[in-house]
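**Q** Below are the structure tokens for one structure; questions will follow.
The values are calculated or read from the model by the stated rules, or taken from the named source; none is laboratory data. Because the structure is a prediction, the values reported are computed rather than measured. So basically every Cβ, Gly included, is an ideal-geometry build from the backbone, and we count neighbours across all protein chains shown. With ligands, DNA and RNA removed, areas are computed over all heavy atoms of the protein, side chains included. Shrake-Rupley method; radii C 1.70, N 1.55, O 1.52, S 1.80 Å.
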Amino acid sequence: MYRERVKTLFLLILIMVSILLANEIWIEIPNSFFPSFGSEVEEENTEYLLADIVKPEKILYNFDTGHTVFYSDKEFGFWDIGRDVLAKTLENSQLSVGLISVEEYDDYKSKTSLDYYFPENIHIHLLGKIIEENIPSAAYEKIEYVNNVHIDLGTSPFIVLSDEKTHLKISSEDIDVRVIRNALNNIDKEDQTKFVSMKTSLNINNNEYLPINMKYNMPVVKVKKEIEVKSKNLESIVEKFFSRNPNYIRGYEEDNGAKIYFYNQQILKIHSNGLLEYHNSIAEPIENRELYKSLNTAVNFVSNHVGWPEGSFLKEIEPIEWEENKGFRFKFTYKINGGQVVIDEEKSVGLEEPIEIEVYNNDVKTYKRYVKLVENVENNEVASQESLNTRKLSVLEILMKKENSDIIREKYIEYNELDPSEIDEEELNNRILEAINNIYIGYYYIGDNSVWIYGERLQPRWVIDIDGLKLSFEINEESNKIVEDNEKVDEVIFK
Amino acid sequence: MFKRIISATIVLAIIGTTGTVSYTSSGKISSNEKIAKKINSSKIHKFYESNIEVFQPKDNLVTSHKTVLLSGKAPEESKVVVEVYSTPNLSLKNLTKNNIALNNDKALKEFYDKQQEFFLPPSTKEIEVGSFGIFVQELELKLGLNKINVYIKGSEDMGKVRFIYVNEETNAEDLINDIDRINFLKVFKKFFLESNKINEEDTENVEDKEDIENVEPEDVEPENIESIKEETKNIEEKESSIDTNQDTFQND
């Protein structure tokens, strides 16, 4: 009898163990059964990352003899310092907040100051989350979106928050900008690329600044795909998406080398060119889109699924609708040495920026990623030798070349569907100059013919955004043409 | 057998006719030419070919920086000539040495007119104005009165003239901006020591040299901190008075 009882007990244990193991394989326990576990920790993580990802695209430094722009903030960390100054200022209970005119604002730009330009309009409450400080009602009643933060560095510093048309000045006693001033004192102004105000220097009705020389160090860089379809680390990536061993996931390989995995409603596809695509279903009809929640979900998701390349930042926010649901498409890109990686639209990767994610509040519907990482520096020696012997052009010099200006005029007419016979050339020139609303440096993928010899490379170009029409021009003089078709690329590379 | 031949010929015919048809893209170049022709023929004749506009520097500018930015608009593909005239070493320092107060309008105007007589032969530069008709150039000036003459090559009479007065560099403004309030004394001591050091060098030699790289501040021998404070206040006042006196430098 004793033996029988032991046997029964043993059998029971065996059955329970087998049920538990079967659970692991067949049934997923939904997270809603354990709501509080881990979510607090998650939120802290995302706030830290959110402030790292939502940041200015460029920082304009205005000083007595001119202006310069920092495209890379790695060296001095001006944005981190600026965030501190903002937070400490808004903490103050005695603030004076008021709208100022455009003329007064333009005047401030000629005094010693820093301007932080965001690539997208940031809602004022989101700005508050990033600087970790509450925005006083006196401020958010007057301005809803911010795309520029101006910090004056004179004897009585103040801050101006602006969007396209509104400028809100925030001042209080004793705004401490010593840290910024000290950091700026270490910069040799003569060594920096010089920018001029298009409004003051060229009488063009435009708030942009034009570089008149080029002193940035922007070499051609060798890159490699972040994700190789044939490599072994693919398994670890797949595991991150499905949180289980890839051996348990249904998948197959296509003829062109792409690998596809299925699990529940999730699909993960990795193309042979390194493009990663992930699709999932979303929970229920989502009628109200919430920006902060969606952005948090997006940033968190990307950090846990492959991660952020160095220098990543939010480039664009696009509200989207799918069936009856409302959400956002967030587009991110990353910088190499201050130059933003740009995906040429002609490259039919189907992406406008390297990382795109569609989020509906808490759910991720689509996630696409096409990232190239810089290879080891030793390999870049060959590439940098090429750029040592060529002269670097500024945007002013690029605009002054007839072949470039002809292309700009042609593309502008085409893009805006104008009738060329009705336009006076001088008027067209003025219109184009007025419409320039952003100038930055982009890293472009060099056309395919050279890949066999040099490997994959990214080439720096000046990008001029003319009211939505983005045109890029090579920085190095001897090959200064718009790269339009493969023929021209051959000329360029094999000189 | 016959059926086989027919079916084979049909297959061959289908393959032959559905081959890819190649064509050249002629659109881009010719449309460029078309647009260029249309624009050229229309209103460009209206444009005054010797019209030059100079936006910077502003006329009768007083500055403490020796490099100034020249910017403006001119017809596309034209050549612009820039002549920079300067005076030999006549500076405001002489004025203060002779104890002429800087807010004496008449004396200032006399001094200003006198300087114009001493213009040295100009240094000339040619700028090529590219497309979009804009030009930007940095110019090196000397201390004292400078005159800039900008015109389109061939139309010397339709040029633009700018007068710029380059003052001595005073570091007072910078110092005041950098003042670390805790180390107030330290900063003034430094200022005092620097000005004393330079006083020791022979100030007569300075006038013979053409390029003055390290410009000394005003001759000051303050006795105590209060007089140092007064001196900086004076310098501030002088600077602001120079600004407001711009109007008196206008040419008739």
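**Q** State whether one or more residues within the stretch A:303-316 are open to solvent by 30 Å² or more (accessible area, probe 1.4 Å), part of a helix (DSSP H, G or I) and either small (Gly, Ala, Ser) or modelled with pLDDT under 95 (or both).
**A** Among the residues of the stretch A:303-316, at least one is open to solvent by 30 Å² or more (accessible area, probe 1.4 Å), part of a helix (DSSP H, G or I) and either small (Gly, Ala, Ser) or modelled with pLDDT under 95 (or both), which makes the answer yes.
**Q** How many residues does the stretch A:106-164 hold that are among the hydroxyl-bearing types (Ser, Thr, Tyr) and under 24 Å from residue A:52 (Cβ atoms)?
**A** Number of matching residues: 5.
**Q** Restrict the check to the stretch A:194-214 and report whether at least one residue is farther than 30 Å from residue A:467 by Cβ and hydrophobic (A, V, I, L, M, F, W, C).
**A** No, the stretch A:194-214 contains no residue that is farther than 30 Å from residue A:467 by Cβ and hydrophobic (A, V, I, L, M, F, W, C).
**Q** Hey, does the stretch A:108-122 have a residue that's out of contact with any strand residue (DSSP E or B) (no Cβ under 8 Å at 6 or more places or on another chain) and either open to solvent by 60 Å² or more (accessible area, probe 1.4 Å) or within 24 Å of residue A:187 (Cβ to Cβ) (or both)?
**A** No: the stretch A:108-122 contains no residue that is out of contact with any strand residue (DSSP E or B) (no Cβ under 8 Å at 6 or more places or on another chain) and either open to solvent by 60 Å² or more (accessible area, probe 1.4 Å) or within 24 Å of residue A:187 (Cβ to Cβ) (or both).
**Q** To continue, here is another question. For the stretch B:56-68, what are the residues that are within 20 Å of residue A:67 (Cα to Cα) and open to solvent by less than 30 Å² (accessible area, probe 1.4 Å)?
**A** Listed by number, the residues that qualify are B:57, B:62, B:63, B:68.
**Q** Also, quick follow-up: When residue A:120 is evaluated against the numbered criteria (1) in a strand (DSSP E or B); (2) within 14 Å of another protein chain (Cβ to nearest Cβ), which criterion, by number, is the only one it fails?
**A** So residue A:120 meets the others, but not (2).
**Q** Same structure, new question: For the stretch A:134-215, list the helices (runs of 4 or more DSSP H) that sit wholly inside it and hold at least 2 residues that are touching a Ser or Thr at 6+ places or on another chain (Cβ under 7 Å) and of a type outside the set (Asp, Glu); which are they?
**A** Answer list for the stretch A:134-215: A:198-202.
**Q** Report every pair of residues separated by at least 6 positions or lying on different chains whose Cβ atoms are under 7 Å apart, first residue within the stretch A:191-214 and more than 9 Å from chain B (Cβ to nearest Cβ) and among the charged types (D, E, K, R), second open to solvent by less than 20 Å² (accessible area, probe 1.4 Å) and part of a helix (DSSP H, G or I).
**A** A:208/A:198
**Q** Could you run through the stretch A:318-333 and say how many residues are open to solvent by 30 Å² or more (accessible area, probe 1.4 Å) and modelled with pLDDT of 90 or more?
**A** 5
**Q** Find the residue count for the stretch A:79-93, including only residues that are open to solvent by less than 60 Å² (accessible area, probe 1.4 Å) and without any contact (Cβ under 8 Å) to a residue 40 or more places away in the chain.
**A** 1
**Q** Please specify each residue of the stretch A:289-322 satisfying the condition of being free of Cβ contacts under 8 Å to residues at least 24 places away in the same chain and over 28 Å from residue A:374 (Cα atoms).
**A** Scanning the stretch A:289-322 gives A:318, A:321.
**Q** Can you confirm whether the stretch A:163-176 contains a residue that is closer than 27 Å to residue A:296 by Cα and either away from chain B (no Cβ under 14 Å) or touching a Leu at 6+ places or on another chain (Cβ under 8 Å) (or both)? I'd like the intermediate steps shown before the answer.
**A** Applying the first criterion (closer than 27 Å to residue A:296 by Cα) to the stretch A:163-176 yields A:163-164.
Next, from what is left, pick out any that are either away from chain B (no Cβ under 14 Å) or touching a Leu at 6+ places or on another chain (Cβ under 8 Å) (or both): A:163-164.
Yes - at least one qualifying residue is present in the stretch A:163-176.
**Q** Among the residues of the stretch A:62-78 satisfying the criterion of being within 14 Å of chain B (Cβ to nearest Cβ) and closer than 12 Å to residue A:195 by Cβ, which is surrounded by the fewest Cβ atoms within 10 Å (Cβ to Cβ)?
**A** A:65
**Q** Continuing with the same structure: Restrict the check to the stretch A:144-151 and report whether at least one residue is open to solvent by 80 Å² or more (accessible area, probe 1.4 Å), away from chain B (no Cβ under 14 Å) and free of Cβ contacts under 8 Å to residues at least 24 places away in the same chain.
**A** Yes, the stretch A:144-151 contains a residue that is open to solvent by 80 Å² or more (accessible area, probe 1.4 Å), away from chain B (no Cβ under 14 Å) and free of Cβ contacts under 8 Å to residues at least 24 places away in the same chain.
**Q** Something else now. Name the residues in the stretch A:168-200 that are open to solvent by less than 20 Å² (accessible area, probe 1.4 Å) and more than 27 Å from the chain's Cα centre (by Cα), would you?
**A** Correct list: A:170, A:175, A:177.
**Q** Would you be able to say whether some residue in the stretch A:227-241 is free of Cβ contacts under 8 Å to residues at least 12 places away in the same chain, open to solvent by less than 20 Å² (accessible area, probe 1.4 Å) and more than 30 Å from residue A:105 (Cα to Cα)?
**A** Scanning the stretch A:227-241, I find no residue that is free of Cβ contacts under 8 Å to residues at least 12 places away in the same chain, open to solvent by less than 20 Å² (accessible area, probe 1.4 Å) and more than 30 Å from residue A:105 (Cα to Cα), so the answer is no.
**Q** When the stretch A:393-403 is examined, which residues are found to be facing chain B (nearest Cβ under 7 Å) and in a helix (DSSP H, G or I)?
**A** The initial filter retains those residues of the stretch A:393-403 that are facing chain B (nearest Cβ under 7 Å), namely A:396, A:399-402.
Listed by number, the residues that qualify are A:396, A:399, A:400, A:402.
**Q** Tell me which residues, restricted to the stretch A:177-190, are more than 9 Å from every other protein chain (Cβ to nearest Cβ) and out of contact with any Leu (no Cβ under 9 Å at 6 or more places or on another chain). Explain how you work it out, then say what you get.
**A** Just the residues of the stretch A:177-190 that are more than 9 Å from every other protein chain (Cβ to nearest Cβ), to begin with: A:177, A:179-180, A:182-184, A:186-190.
If the condition is that a residue be more than 9 Å from every other protein chain (Cβ to nearest Cβ) and out of contact with any Leu (no Cβ under 9 Å at 6 or more places or on another chain), then A:179, A:182, A:183, A:186, A:187, A:188, A:189, A:190 are the ones that fit.
**Q** Further question on the same structure: Taking the stretch B:123-146 as the search range and keeping residues that are more than 14 Å from chain A (Cβ to nearest Cβ) and open to solvent by 50 Å² or more (accessible area, probe 1.4 Å), which one is farthest from residue B:63 (Cα to Cα)?
**A** Result: B:126.
**Q** Please work out if residue A:427 is within 10 Å of chain B (Cβ to nearest Cβ), at pLDDT 90 or above and open to solvent by 30 Å² or more (accessible area, probe 1.4 Å).
**A** It is false that residue A:427 is within 10 Å of chain B (Cβ to nearest Cβ), at pLDDT 90 or above and open to solvent by 30 Å² or more (accessible area, probe 1.4 Å).
Conditions tested, residue by residue: (1) aliphatic (A, V, I, L, M); (2) modelled with pLDDT under 90; (3) not in a strand (DSSP E or B).
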{"residue": "A:421", "(1), (2), (3)": "no, yes, yes"}
{"residue": "A:438", "(1), (2), (3)": "no, no, no"}
{"residue": "A:443", "(1), (2), (3)": "no, no, no"}
{"residue": "A:450", "(1), (2), (3)": "no, yes, yes"}
{"residue": "A:458", "(1), (2), (3)": "yes, yes, no"}
{"residue": "A:465", "(1), (2), (3)": "no, no, no"}
{"residue": "A:478", "(1), (2), (3)": "no, yes, yes"}
{"residue": "A:484", "(1), (2), (3)": "no, yes, yes"}
{"residue": "A:489", "(1), (2), (3)": "yes, yes, yes"}
